[in-house]
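Note sheet for the following structure.
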Amino acid sequence: MIPLKTEFPDNNTQMWPGMILRYSILLIAVTLLSACAVERGPAPPTVGNPAVQALVNTANAEVEQGRIPAAIATLERAQRIEPRNPVLWHELARLHLRQGNYQQAESLAARANSWAGDDKAMLAANWRLIGEARASRGDQAGALAALERAGEFEK
Amino acid sequence: MKFSFHIRIWVRLLLAALVAGLLGLAVFTFYLDARVRDEFEGRRFALPARVYARPLELFAGAQLSPDEFTRELQRLGYKEELQGNDPRRFQRFGDEFDLITPPFLFWDGPQDSQFLHLSFKDGRDATLVDSRDNSPVSLVRLDPEYIGGIYPGHNEDRVLVTQAEVPAFVVQGLVAVEDRKFYSHFGIDPRGIARAFLSTVTGSGVQGGSTLTQQLVKNFFLTPERTIKRKVTEALMAVLLERRYSKNDILETYINEIYLGQDQNRAIHGFGLAAQFYFDKRLIDLSLPEAALLVGMVKGPSYYDPHRHPDRALARRNVALAAMHQQNYITDEQYFKAFMAPLGVVGKPEMGTTRYPAFLDLVRRQLLSYYREEDLRSEGLRIYTTLDPPAQAAAESVLSARLAGLEEGSRQAGAEVGVETGGLEGAVIVADVQSGEVQALVGGRDPRYPGFNRAVDLTRPVGSLMKPAVYLTALARPAEYTLVSWLDDEPLIWNEHGRPPWEPRNYDRINHGQVPLRTALANSYNVATARLGSELGVRNVLDFAHRLGINRELPPFASSLLGAVDLSPLDVAQMYQVLGSGGFRAPLRAIREVLTADGKPLQHYALSVEQVVDPGPAYLLTAALQGVVREGTGRDLAKYLPPGLNPAGKTGTTDDFRDSWFAGYTGDRVAVVWVGYDDNRPGSFTGASGALPIWGELMARLHPEPLALPRPENVELVSIDPPSGLRADHACVGAEEIPFVRGSAPEDFAPCARSTGTIIKSWLHRLAD
């Protein structure tokens with residue numbers, strides 16, 4: 001990280017090139033920082049909408065009763081209300097994984113990733129899920145790659 | 001003794017004959033009974049599939065205006081003014097609503113009648129509570145609109161109704177007018193027959209003498225024959241029917257079977273369809289005078305046809321009303337009010353059995369990939385679809401109005417030149433960009449007409465709509481192409497083996513020299529695109545086109561790059577769905593779930609996505625398509641849409657303006673519009689002047705979400721100086737932030753980049769090389 005504070009030399013006449021250099025570095029630093037601050041996508045919304053929360057609860061109950069297809073339908077209903085909520089996509093991926101729909105699980109987890117923004121925990125969880133799905137399909141190399149990506153976000 | 005011997009022989013012969021006759025009759029009766037059972041059950045339980053639109057989800061914060069909510073309730077046939085606990089009624093006070101929903105069976109189980117109170121604020125449902133105890137309700141569905149059925153038979157049409165869907169007036173009317181003793185006779189009414197016989201003999205033959213049951217038998221089973229033998233058979237069958245089935249069953253079947261008129265070559269059977277045909281209403285919504293008219297028509301639907309013989313129809317209706325009044329089914333007040341009411345039949349008869357024939361057609365096709373036609377038409381399946389009625393309504397009205405406007409405009413122009421301009425047609429599809437759910441489907445200018453479904457079946461060259469496939473192929477090679485790569489728009493002659501040389505031309509007939517890639521797409525330069533395609537390889541581009549969901553065979557020729565391929569609006573919508581979701585293909589589907597007749601879940605059409613394009617190139621392409629709208633051939637869209645939406649889109653115009661296309665997407669929806677003539681004659685609209693305004697006006701009505709695809713982590717924004725296509729710094733005027741796949745942005749700085757820091761950086765750079 002480039003330090004933001006600069007020290008000014010005492011001799012004014014020698015200041016100009018030095019100052020220009022420092023200010024340029026400062027400018028570059030600020031530009032880089034602001035680039036980092038720009039969203040790479042909408043911030044992951046909290047599961048705060050009571051309607052969505054109610055559906056997620058219902059889906060959990062359905063999973064406990066072993067009614068996975070019903071839970072999937074319930075989560076899809078939630079997804080229609082909050083289409084960009086990565087949690088919902090992730091949970092759908094998880095259920096499809098459970099059903100043995102590995103390709104679908106991987107795609108849904110990838111979709112969840114695209115909405116996850118900077119949420120490292122979510123990104124890691126999705127990559128783990130992708131890894132599991134690939135392993136189940138027999139794609140060992142792909143699974144390893146996915147788990148490595150997960151690891152990057154878990155540091 | 002001789003005498004009595006003869007008598008005994010005669011008696012025996014007579015007895016034998018009698019026994020034989022009785023046996024014969026018994027056999028005949030058995031046969032009839034079996035026939036009754038067979039046909040009745042076969043017909044009665046040949047339930048069509050019932051198709052529903054999407055249910056409106058209500059929750060606090062839902063984006064919905066009070067007027068939109070009112071329209072939804074009206075579409076569902078809710079009546080105003082609450083009456084006790086009667087469902088399907090609502091009351092509105094400004095921005096507050098009280099309503100009672102009917103119980104409804106959804107995929108995930110039955111939902112009881114809901115007693116709701118809503119208050120709206122700022123275009124949203126602010127609060128949602130149970131009106132009985134004010135407890136908050138987190139989420140509830142309104143019952144979905146019944147949009148039609150898939151019926152048994154070919155020339156017969158029904159809108160089957162159950163007892164619950166029949167207004168009391170109809171039953172009372174039928175009994176009062178046609179068969180007063182219906183509930184007490186056993187199939188035939190001997191006294192009625194006697195009376196009829198007498199009146200026929202004495203010459204005042206007015207009485208029919210047929211019970212409703214006999215009429216049903218006549219209508220149902222037998223060809224029209226008026227012999228004694230036939231009459232006896234009918235009578236027997238009526239008796240047998242009554243023995244097997246309850247009065248209610250018989251009445252319900254009668255109401256669904258009785259012939260009530262003709263619509264050209266389509267027979268109108270049943271009160272359900274008749275209510276729709278004559279009054280454009282559901283049977284349950286008919287008023288007393290309307291019900292009385294239909295009851296009156298039973299006696300002679302052609303003779304009392306309200307369209308052709310309104311006076312007779314009115315008189316007959318009033319006879320029916322009088323009978324109902326005389327037998328105390330209706331009060332004096334009801335009678336007089338109904339008597340004074342006008343005939344009330346709709347002017348233009350509805351055609352078909354659904355308001356949404358194009359959408360229903362798509363539903364049927366998608367079902368047929370899983371079910372046999374016979375199952376669809378006989379098992380009473382309940383089909384819950386993705387149709388969004390407000391989106392459908394908007395699409396229909398915008399298309400019709402704009403096509404009329406376009407036609408009027410070109411008629412005025414054409415009149416001077418003597419060109420025929422009637423018959424302009426169009427098609428619209430709207431779908432959810434992430435899930436692929438089809439929300440609206442308009443098959444033509446007259447959406448009620450179940451004719452040619454242009455949205456699904458019309459295939460036309462797509463022209464420039466194909467360009468994104470070319471540019472996507474390029475952007476998927478970031479080492480070779482970026483949004484600011486220079487393309488050559490100078491004249492090109494393409495020689496393909498075995499084909500005549502092809503010289504593509506730009507729309508404006510100008511060659512623009514060196515152009516940035518994104519500009520070539522924004523302005524739809526044919527030549528630059530063709531050259532780019534030749535560098536990429538036609539097969540590679542067509543590969544991408546297939547990845548984008550185009551299932552048709554694409555001719556492997558250079559001209560395919562510029563859209564000399566025939567696709568349907570549905571195909572195009574699929575393609576742009578993939579682009580709009582950042583590379584996740586979700587097959588466009590019209591169905592969510594299918595249940596059996598008794599509510600068991602049968603099939604769930606799951607949300608299904610497949611990542612078919614890397615997110616980086618997908619993101620870049622969307623940025624380029626947003627450029628089409630911001631400054632390219634789609635810039636007129638700004639006239640129709642609020643600022644800040646940043647939709648992506650592409651215009652398409654084919655040779656001689658035969659087809660005018662616009663395809664594009666916002667943050668939540670993808671939509672495609674086609675405008676042209678069925679006979680493929682030359683037109684006068686470009687994609688921008690024909691289809692684009694329709695797209696724009698339609699989207700404006702749908703609360704569009706701004707388009708802001710999440711930027712993938714391997715895409716960075718770099719400041720670029722557009723004239724040079726090189727990196728810019730703060731010294732450059734007019735610099736733009738352009739997305740690049742990491743590492744593919746130009747290394748060099750533009751001439752305008754003059755700051756010391758930049759100079760030093762490039763100096764360092766050159767040192768490093």
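Descriptive notes on the structure:
- Virtual paramagnetic centre 7 Å along Cα→Cβ of B:R630, amide N under 14 Å, in segment B:674-716: B:707-709
- Dipole magnitude for the protein assembly as shown: about 3240 debye, using +1 per Lys or Arg Cβ and -1 per Asp or Glu Cβ, origin at the Cα centre.
- Neighbouring Cβ atoms from other chains, within 10 Å of the Cβ of residues in B:571-583, number 1 on average.
- Evaluated over the Cα positions of the protein assembly as shown, the convex hull gives a direction-averaged projected area, one quarter of its surface, of 58.7 nm².
- Other-chain or far-sequence residues with amide H under 5 Å of B:T596's (modelled H): B:R382, B:L602
- B:H546/B:W763 FRET efficiency (R0 56 Å; Cβ-Cβ; nearest 0.05): 0.70
- Rounded, prolate or oblate (a/c below 1.5 giving rounded, otherwise prolate when a/b exceeds b/c) for segment B:614-769 by Cα gyration tensor: prolate
- Computed helical MRE - 222 nm, the protein assembly as shown, DSSP H runs ≥ 4 contributing -39500 (n - 2.57), nearest 500: -14000 deg cm²/dmol
- The translational diffusion coefficient of segment B:493-548, from Stokes-Einstein at 4 °C and 1.567 mPa s with a Kirkwood hydrodynamic radius over alpha carbon pairs, comes to 104 µm²/s.
- Over every Cα atom in segment B:55-143, the radius of gyration and the widest Cα-Cα span, Dmax, amount to 11.9, 34 Å.
- Listed residue pairs exceeding 22 Å between alpha carbons, taken from B:K79/B:K181; B:K79/B:K247; B:K281/B:K337; B:K79/B:K337; B:K79/B:K600: B:K79/B:K181; B:K79/B:K247; B:K79/B:K600
- The alpha-carbon atoms of segment B:481-589 define a convex hull whose volume equals 111 cubic angstrom per residue.
- Selection from B:Q334, B:V484, B:S568 lying farthest towards where the dipole of the protein assembly as shown points positive, charges on Cβ: B:Q334
- Measure of compaction for segment B:538-636 (Cα Rg per 2.2 N^0.38 Å): 1.35
- Rounded to whole Hz, the Karplus (6.51, -1.76, 1.60) HN-Hα couplings of segment A:141-155, x for glycine and proline: 4, x, 4, 4, 4, 5, 5, 4, 4, 4, x, 4, 7, 9, 5
- From the C-alpha gyration tensor of chain B, square roots of 5λ in Å: 67, 29, 24
- If you wrap the Cα atoms of segment A:73-155 in a convex hull and average its projected area over all directions, you get 4.9 nm².
- If R0 is 35 Å, the Cβ-Cβ spacing of B:V11 and B:Y31 corresponds to a FRET efficiency of close to 0.70.
- Considering only B:F40, B:F169, A:L95, the residue lying farthest towards the positive end of the dipole of the protein assembly as shown is B:F40, judged by Cα position with unit charges set on Cβ.
- Ordering A:A73, A:N57, A:F153 by Cα displacement along the dipole of segment A:50-154 toward the positive end leaves A:A73 in first place; charges were set at the Cβ atoms of Lys, Arg (+1) and Asp, Glu (-1).
Computed from the coordinates by the stated procedures, all read-outs in this text should not be read as laboratory data. None of the values given here were measured: they were computed from a predicted structure. Reconstructed Cβ throughout: ideal geometry from the backbone, glycine too, with neighbour counts over all protein chains shown.
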